[in-house]
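Below is one structure, written out as structure tokens; comments come after it.
The values are calculated or read from the model by the stated rules, or taken from the named source; none is laboratory data. The structure displayed is predicted, hence computed values, not measured ones. Every residue, glycine as well, gets a Cβ built from its backbone with ideal geometry; the counts of neighbours run over all protein chains shown.
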Amino acid sequence: MERMEDILTQASRRVCVCFTFRKAARAVTQYYDRILRPTGLRATQLTLLASIRILGPVTLKKLAEATVMDRTTMTRNLDLLKKKGLVRLASGRDRRERLASLTDEGREKFQEALPLWKIAQDRILDQLGEEKWSGLRAGVAELVGLARRK
């Protein structure tokens, strides 16, 4: 006869990690998107603007690594930001290297979105609590590390 502990462990191992995290990511992204709607930016676009702002003129390779985004998806998102006049793409040291940087409009749009992002962030963290958020952050960082191992 199986012990209840063993049954529960087996059941929890059948819940797909990928599905669970993608579902959570979609829900959180949709939440931020709703709050950011007045700016015309989506959460994924704001994330790219923030990453470019922090990293300075940055190669697409480094930006893709920093955001854990495949180059195709990132390039598609950067092209949308470029069309909006928020991002500038320029040649790097050699022809193969491209650099992303914020335009003046990009910096202004980022500053416009920041207070709304803070509202979304604070609402979630207030409901979640610092202890849970700390644990989640650590667990997610560990999971990202595990998934990125070759």
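Among residues of the range 25-42 that are touching a residue at least 24 places away in the same chain (Cβ under 8 Å) and more than 23 Å from ARG137 (Cβ to Cβ), those with a Cβ under 7 angstrom from a residue that is of a type outside the set (Ser, Thr, Tyr) and in a helix (DSSP H, G or I), sequence gap 6+ or separate chain, pair up as PRO38/LEU116; THR39/LYS109; THR39/GLU112; THR39/ALA113; THR39/LEU116; LEU41/LYS109; LEU41/ALA113. For the range 130-143, the criterion of being acidic (Asp, Glu), surrounded by 10 or more Cβ atoms within 10 Å (Cβ to Cβ) and modelled with pLDDT of 95 or more is met by none of the residues. For SER91, the conditions (1) in contact (Cβ under 8 Å) with a residue 12 or more places away in the chain; (2) touching a strand residue (DSSP E or B) at 6+ places or on another chain (Cβ under 8 Å); (3) loosely packed, with under 14 Cβ neighbours inside 10 Å are fulfilled apart from (1). For MET69, state whether it is assigned to a loop (DSSP other than H, G, I, E, B) and closer than 28 Å to CYS18 by Cα. For MET69, the condition - assigned to a loop (DSSP other than H, G, I, E, B) and closer than 28 Å to CYS18 by Cα - is met.
When each of LYS109, LYS132 is tested for being basic (Lys, Arg) and either out of contact with any helix residue (DSSP H, G or I) (no Cβ under 7 Å at 6 or more places or on another chain) or farther than 20 Å from SER51 by Cα (or both), the lone residue that passes is LYS132.
Looking across ARG13, ARG37, ARG3, one residue alone is surrounded by fewer than 17 Cβ atoms within 10 Å (Cβ to Cβ), modelled with pLDDT of 90 or more and either in contact with a helix residue (DSSP H, G or I) (Cβ under 6 Å, 6 or more places away or on another chain) or basic (Lys, Arg) (or both). It is ARG37.
Flag set for ALA100, criterion: among the hydrophobic types (A, V, I, L, M, F, W, C), surrounded by 12 or more Cβ atoms within 10 Å (Cβ to Cβ) and either out of contact with any helix residue (DSSP H, G or I) (no Cβ under 6 Å at 6 or more places or on another chain) or in contact (Cβ under 8 Å) with a residue 24 or more places away in the chain (or both). Which one of these does LEU143 not meet: (1) within 23 Å of ARG42 (Cα to Cα); (2) assigned to a helix (DSSP H, G or I); (3) touching a residue at least 40 places away in the same chain (Cβ under 8 Å)? Tallying (1) within 23 Å of ARG42 (Cα to Cα); (2) assigned to a helix (DSSP H, G or I); (3) touching a residue at least 40 places away in the same chain (Cβ under 8 Å), LEU143 fails exactly one: (1). All told, ARG53 falls short of being touching a Lys or Arg at 6+ places or on another chain (Cβ under 8 Å), more than 28 Å from ARG148 (Cα to Cα), in a helix (DSSP H, G or I) and modelled with pLDDT of 95 or more. Among the conditions (1) under 28 Å from PRO57 (Cα atoms); (2) out of contact with any helix residue (DSSP H, G or I) (no Cβ under 6 Å at 6 or more places or on another chain); (3) part of a helix (DSSP H, G or I), the only one that ASP122 does not satisfy is (1). Considered as a group, the residues in the range 52-88 that are at negative phi and small (Gly, Ala, Ser) include one that is surrounded by the fewest Cβ atoms within 10 Å (Cβ to Cβ), and that residue is ALA66.
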